[in-house]
Amino acid sequence: MKITYATKRQDVTSEFVTAAERKLKKFDRFFKDDATALIKTDKKKNGESVELTISCGGTLYRSEKRADTMNNALDETIEAILRQIRKNKTRLEKKLKEGAFVPAPEETEEPVEEHPEFKVRTKSFPVKPMSTEDAILQMLLLEHDFFLFCNPDTGALNVVYRRADGDYGLIIPD
């Protein structure tokens with residue numbers, strides 16, 4: 001697994017790098033060698049945060065945690081991703097076994113556009129065709145409340161989202 005580090009308001013120590021590489025070896029049993037991990041660290045007033053994003057073929061696994069130290073935050077993010085994999089094991093099993101993970105283009109972030117009343121953060125990413133169930137799984141793995149995807153049957157963009165009652169919704173354009 002290729003590991004990339006991005007920091008904000010602090011430097012990553014060599015001890016943290018070796019500890020992160022050692023801890024991320026847990027994921028070798030799930031992913032092939034082409035998987036990439038991005039570890040973003042940030043020092044904040046109330047502790048340090050670590051965001052871990054693992055990308056393997058079109059599937060993203062993401063978790064962000066805050067703790068007193070970077071090592072503790074990294075441990076929590078790794079456990080959160082392991083929980084995601086265990087929780088969705090039956091759905092992911094066929095993808096992991098079939099080798100359906102193919103490298104996906106990385107997301108690119110546009111600069112933030114300033115508006116007098118609203119702050120708008122623009123983000124662009126490739127939208128690939130997938131079933132509604134795959135879109136819900138991807139949304140859960142990213143820990144987002146909604147996910148935009150292309151419906152392979154209609155070719156239209158659809159949105160799945162998590163409802164307040166715990167179920168999921170699907171938005172289909174007219």
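Assorted remarks:
- For the peptides 55-62, 163-170, the ranking by packing is 55-62, 163-170, with the highest mean count of neighbouring Cβ atoms within 10 Å listed first.
- Candidate cross-link partners of LYS123 among the lysines, defined by an alpha-carbon separation under 21 Å and a same-chain spacing of 8 or more, comprise LYS8, LYS40.
- Relative to the Cα centre, the charge distribution of region 127-171, modelled as +1 at Lys and Arg Cβ and -1 at Asp and Glu Cβ, gives a dipole magnitude of about 140 debye.
- Length available on full extension from GLU15 to LYS43: 0.36 nm per residue minus the Cα-Cα distance, which gives 8.4 nm.
Bear in mind that the values in this text are calculations on the coordinates, not laboratory data. The structure presented is a predicted model; accordingly, all values stated were derived computationally and were not measured. Here Cβ is always computed from backbone atoms with ideal geometry, including for glycine, and neighbour counts include all displayed protein chains.
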